[in-house]
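Peer 1: Sharing a structure here in structure tokens format.
The values are calculated or read from the model by the stated rules, or taken from the named source; none is laboratory data. Here the structure is a predicted model, which is why all the values come from computation and not from measurement. So basically every Cβ, Gly included, is an ideal-geometry build from the backbone, and we count neighbours across all protein chains shown. SASA here: full protein model, heavy atoms, side chains in, ligands and nucleic acids out. Shrake-Rupley method; radii C 1.70, N 1.55, O 1.52, S 1.80 Å.
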Amino acid sequence: MNPLFSDRLPFSTHTLRAFLLCGVLLTLSTTDSHAQTLRERFKRNSASQPAAAMDAATMAAQMMQRHDANGDGLLDRLEFEQIPRIEKKDEVFLAMDADGNLGISTAEVEEALAARFASQPGADDSSLPYSVHRDLVYGKSGHERQKLDVYVPKGEVATPKPVMVFIHGGGWTIGDKRHIQEQPAHFTSKGMVYVTINYRLGPDYIHPALVEDCAEAIAWVHDHIGEYGGDPGKIFVMGHSAG
């Protein structure tokens, strides 16, 4: 057992399960016409989701800082090829290169990321099988990334529900707790409380600060999840890549 958890969480009687979830930035066809359609969708979605766009702006800046090797403010094809976990890179590159100058700017990265965030359901969607409590603070330092979201199944809570905590990936340098696609609907439909966390990122913060944030978030879940119908004795953890 990791000593970071042993003094706070009673995991000795429970199985700690880890899942590797595979994801890509976008799923695209190989046609230029489809690339143009996606650009239009990027613009519509990013314009309608200001909160998502703010998260996308931070991630876009971090991605450019990490992968713009020559410092010209654009990701060329060679630099784009070095970004991990993106499938069909030629198609993605064409779709993101909205002005066709064979270089992807920070604004174009932000636009694509905002579209992905915008595909996530909002907390006020009454058709969803869950309610969302966003940006709950778990950290004591007050850092803006030390927050988590709790997704709670709708309906009467007869007994405390098991809890699934998701830790996002991104090489410890990018990523966001809203990068979760259909996971909230899946786990809440199974009668679980679903939690996603953010943590401080490199290169501004280095190990073990990032892992300590994850531990602190899970400790917060143990101490407070009962307020949201969760069972602190049945906490499971999953993640993608770094998570």
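Peer 1: How about the range 87-175: which strands (runs of 3 or more DSSP E) wholly inside it have at least 3 residues that are at pLDDT below 90 and either within 20 Å of Thr188 (Cβ to Cβ) or touching a Lys or Arg at 6+ places or on another chain (Cβ under 8 Å) (or both)?
Peer 2: Filter on the range 87-175 gives an empty set.
Peer 1: May I ask you to list the residues in the range 216-238 that are more than 20 Å from the chain's Cα centre (by Cα) and open to solvent by 10 Å² or more (accessible area, probe 1.4 Å)?
Peer 2: His222, Asp223, His224, Gly226, Glu227, Tyr228, Gly229, Asp231, Pro232, Gly233, Lys234
Peer 1: Continuing with this model, one more query. Which members of the range 64-86 meet the condition of being modelled with pLDDT under 85 and either of a type in the set (Phe, Trp, Tyr) or open to solvent by less than 90 Å² (accessible area, probe 1.4 Å) (or both)?
Peer 2: Restricting attention to the range 64-86, the residues satisfying the condition of being modelled with pLDDT under 85 are 83-86.
Correct list: Ile83, Pro84, Ile86.
Peer 1: Which residue out of Gly191, Gly170 is in contact (Cβ under 8 Å) with a residue 60 or more places away in the chain and of a type in the set (Gly, Ala, Ser)?
Peer 2: Values: Gly191 fails: in contact (Cβ under 8 Å) with a residue 60 or more places away in the chain.
Being in contact (Cβ under 8 Å) with a residue 60 or more places away in the chain and of a type in the set (Gly, Ala, Ser) holds for just one of Gly191, Gly170, which is Gly170.
Peer 1: Mind listing whichever residues of the range 165-215 are open to solvent by 30 Å² or more (accessible area, probe 1.4 Å), within 17 Å of Ala60 (Cβ to Cβ) and touching a strand residue (DSSP E or B) at 6+ places or on another chain (Cβ under 9 Å)?
Peer 2: Arg178, His179
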